[in-house]
Each structure stands twice: as C-alpha cells, then as structure tokens.
Amino acid sequence: MKLSFQIKLFISLIIMFLSLFSVFASYYYLEAGRRVYQEMVVRTRVQSDLISVMPELRSAVIHRDLQKIKRFMDNIVPLSDASFIVIGDNKINHLYHSVSQEKVGTPLVGGDNDEVLRGKTVTTCRRGGLGISLRSKSPVFDDQGNVAGIVSVGYLKSDIDNITLSKVCNAFIILFLLLVSLFIYCWFFTRSIKKQMFSLEPREIGLLVRQQKAMLESIFEGVIAIDDQLRVIVVNKAAQHLLGINGTGNSLSGKKVHQLIKPVSFFDPPVMLENDTHDEICRFNQLTVIASRVRIILEDKLQGWVITFRDRQEIESLTTRLSQVNGYLENLRVMHHEQLNQTTVISGLLQSGRYQEAINYIQLQSEHAQSVLDFISAQFASPMLCGLLLGKVSRAREKGVELIFDPTSELLHPFHGLPESELISVIGNLLDNAIEATQQVDPLHRTIEVLIVGGNGELIIEVADNGIGIPPALKDHLFERGITSKNSEGHGIGLSLIHSFVTQAGGVIEVADNPGGGTIFSVFIPERPADPPDPWLPGSALTKDNAYA
C-alpha cells in the first residue's frame, strides 16, 4: 500500500525524534553515571576524612578498644548513606565492619592500603569483601603523628548504578512526556502541511509546477510577476525576447523590476497601489507595448503584481489592416451615396430636357473631386494618409461639412517621429471629432480647416472647426479615458488614444477656442532618426505591406 505524504512525514519525524531521543538518552545515561561517580568520590572522601579525625574514634583505635569502636560507629553509620564503613588497624586487620561484624579480626582486602599507611587518603574502585565498590580510605593518626588505623567509607557499584538509574528514570519520564507531546504535535503539523498543500502529494505538486511553468513559457504575451517590494519573481521567455533581457529565470529572480525595465510611471508604487489597469499603452525598454497590471491578493494581503504585455506593433498591424478595410467600406458607402445623389440630379435634369445644365453640373462635380484628389496626391506621399484624407473629405461632405486644407499642407517624406498607424489614428480621430462637433451648428458655418505640415524637425497637425466647442467642465479632463460630451456609448476613447500616442512620441497637444466658434486642436510631434529594420522583430518595417511608397 502506498503511504500518503502526511503519513510519510509523520513517520519520518517520529523516526528522527526517536533517533535523537536514543542518542540523547545514551549520552545522558553515561553523563549521569560520570557525575554520580564524581559525586560519590567526594562523598566517600569527605566522610572518611571526617570520621578519621573524630577524637573518640581516634582514642578507641589507638587503644584497640573494639567495644568502644562499635558503640561509636553504631551511632555514626545511620547518619551516612554509604554502603559500608570499615575501621582497620595499622596491621591491616578489621576493627569494625558496618555490614559484616564477623569480619572483625580478618585482614582488609583490596590491596590499596599501602598509601594509607604512609599517611595519605586514597580513593579507589576495587573488589572488596562485599564486591566491587568505590571507596575512600583515610589514615587515623595517634598523638605522635603515626598511623594507628584506617577508616574506609565505600559505595558498592550496584548501589551507584541504582542511584544513576533513579536519576535517569526521572529525566526519562520527562523526556517521554515530551516525546508524546512531540508525536501529537507532529501529527497536527503534518495535517496542517497537507492542508496548506491542498491535500496534494509532493509528486503532484511538482508535476503541477512543471505544467504551470510550461504553460507560462508557451504564452505568446510577455509575463512578469513581481512581489510587493517590486522584486522579480517570474519572467517568461516571451518577456525576455520582447524586452531584450538576457539571463535565466533563476538569475533574474530577486532583481528589482527597474533593473530589467527602464523606470516608467507604470511601475511607480503609488500608481500600482491605487488600482489595476488593463490595456495601457506604455514604453518598456524602447518598445511600445500594451500592458495590463493586476494585483495579487492572498488572505487580504498584497503579495505583488502580475504584468502582462504584448508588442503593440503586432496588434497595430492587424488593427491597421482592419481599419483599412473599414475605411474602404466607409468610403465606398459614402461615394455610393454621393454618386447616387449626383446621378439622381443628372437624371432629373435630363428628363426635364435641361441638357446644358446637366453638362455644367457634371463638369462642376468632376472639377471639384479632381481638384481635391490632385491636391492630396501632390502634397502627401503616404498612400494610407491620402486614402484617409479622401475618405474624410467624402464623409464630411455627406454630413454637410466642408473640409478645407491649408495650401501650405505638405508631407512628402516619411515621418519617423510616430509610426504610420499611429499617425493615421491621430489625424483620423481629430477629423472625426471635428466633423461630429461641426455638424451640430448652422449649415452655413460648417467648415473645418486642416493643416498638416512636416519639416524643420517636427510635424504640425492643426484642425480648427466651427463646431459647438468643448464644455468648460470637460476641459481639465479632456484626455482622460471615458471622458466625452456625447451621450451614446463607445465614445471617450479617441482623445485619450491621441494623447497617449503623442506624449509617448515626445510631442504636445494644445487645445484652444476658435475665435469664430468651435475648437482648435494643435499637435506638435518632433522628428527622430529612423530605426534600422529588424528582420527578426514581428511587425517590423520589413514585414509591413503598408509602408510609405
């Protein structure tokens, strides 16, 4: 039967504690025996020295008065815990034995009396008449300083072992109770560990981690996870590739995020703590990305953030193509509607027999359309920009608004201060807003003046309309996402997008009231050197089919 992680951990802890307990018990037993032995050495020595100098005992030993020795020692022996106390004379014969009185008169055994007879106190562990014992022997001196007898106080080895075992047992009882407590603690500890691991086995956790890592690396978007101290936890390969970060996951882990990504407001702690964000356009290491930031909250405590981002150029390439298609459709719809109206007028003139008026009308319409087409084609080199402006002219005419281009408008060379898709978005949104604002006023004053000129290191875009103007309450929040004067949904994005594109390119936007009524939007974007093409970067200039001709 395969044991669960909880049982394995519990058994491992128990084995570890039992091993430690065994080692400690053996050590403690040996240490306790050594300490008891040292204590017994001191006890025997002290007792033998004290007894040997007692006057009454000295006198009885000097005169070999056995009765007096016995009476005196019978009073002393109950006061001592020694296994035996023996009194001998200087001939090494027993004068008194606390345990075996029949030994009186017999020789002392052990062979450790020579030093004592020379006047020294000795402590030895020898086999005596009662067995192996620890004993101290002290000399009894007469009045002339000669050795008249011997006092021997001893503890049998068996008694010492019993004392040691008694002390060890007391300690072992405490240790046993502690061990039982540890067993109980181990059981609840393993249960707690199991609960924190969601009842998963280590092998399952390892497999889950590997699966999550594989999923993280397979994500096409860049993913960076950071803790609450802005230290990097995880960086997937897509993020490293997009931002040009070298190193392995382990070498990058623990670094501050500003060591990998140049400081931007997106990673300012006050901004990150305020709220999460989704699809925000940022600049990470010279790469424009669309980034999202989500806080990680566990047990009501901030643990960090997960940042996901993707190269905006890749999205822009798809968005641009979709916008082109939509623009073509819109232009075709407007042209169809306009041509239908013109055809209706021509048909009416022909049916009424007014042929000369029909010819004049046809020439007038052709000249106007051709003049607009000739001006735009001559002043602007980008096919995309030309198509946008022609479409906006037709759309404005459909809405009853006249789009007037400043004669100095000119952009004959590629502009590198802003990607072409962003430039188209900026101009398109400005014209759309102007058309919507202008069509709400008197039809006699529905005009929009447009200036687009590049040169001298910057691009200037100016759109002046005669519309309804900007409400005063919105002027301070004009470029915030979702802010709009329109009541319908889906608005409040265009100006925010324009502001994002322009500011990231290092440009500025100025908004002023038009003296004739309406609003003037002025955009100034500095030129910058063209980036060298990177064939390995998705969405690079080499792969775009909509670059300037």
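Structure values in brief
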| item | result |
| --- | --- |
| Extension gain (nm, one decimal) between Ile296 and Ile7, 0.36 nm per residue minus Cα-Cα | 100.7 nm |
| Potential lengthening between Leu30 and Val77 on full extension [0.36 nm per residue; Cα-Cα distance subtracted] | 13.9 nm |
| Acute angle (nearest 10 degrees) that the helix 312-351 long axis makes with the longest principal axis of the chain, alpha-carbon atoms | 20 |
| Residues whose placed amide H lies under 5 Å from that of Asn285, excluding near-sequence neighbours | Lys262 |
| Label-point separation in nm, Ile14 to Glu274, each point 7 Å along Cα→Cβ | 5.9 |
| Two-site FRET efficiency, Leu179 against His477, from Cβ-Cβ distance with R₀ of 60 Å, rounded to 0.05 | 0.25 |
| Residue-by-residue Karplus 3J(HN,Hα) for the stretch 60-76, coefficients 6.51, -1.76, 1.60, Hz, glycine and proline x | 5, 5, 4, 8, 6, 8, 5, 5, 5, 4, 5, 4, 5, 6, 4, 7, 7 |
| Percent antiparallel among DSSP beta bridges (both partners in the stretch 387-475, rounded to 5) | 60 |
| Using alpha-carbon coordinates, inclination of helix 420-438 to the longest axis of the chain, degrees | 60 |
| Within the chain, longest stretch free of exposed GluC sites (Glu not before Pro) [DSSP loop, at most 15 other beta carbons within 10 Å] | 1-298 |
| Point-to-point label distance, Gln67-Gln351, nm (Cα→Cβ direction, 7 Å offset) | 17.1 |
| Estimated 222 nm signal from helices in the chain, with DSSP H stretches of n ≥ 4 weighted -39500 (n - 2.57), rounded to 500 | -16000 deg cm²/dmol |
| ³J(HN,Hα) computed for each position of the stretch 224-240 - Karplus, 6.51 cos²θ - 1.76 cosθ + 1.60, integer Hz, glycine/proline x | 10, 10, 10, 8, 6, 9, 6, 8, 6, 9, 9, 9, 7, 5, 4, 5, 4 |
| Antiparallel DSSP beta bridges within the chain, percent to nearest 5 | 90 |
| Distant-in-sequence amide H partners of Val140 (H built 1.01 Å from N, under 5 Å) | Ala148, Gly149, Ile150, Val151 |
| Answer label, with Kirkwood radius over Cα pairs in Å calculated from the coordinates and candidates (1) 25.1; (2) 34.2; (3) 27.1 | (2) |
| Under 5 Å, built H, 5+ apart or other chain: amide partners of Asn93 | Leu108 |
| Sorted largest first, extent of the stretch 204-311 alpha carbons per principal axis (Å) | 40, 35, 24 |
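We did not get these values from a lab; they are worked out from the coordinates using the rules stated. Predicted, not measured: the structure shown is a model, and the values here were computed from it. Heads up, the Cβs are rebuilt from the backbone with ideal geometry, glycines too, and the neighbour counts pull from every protein chain shown.
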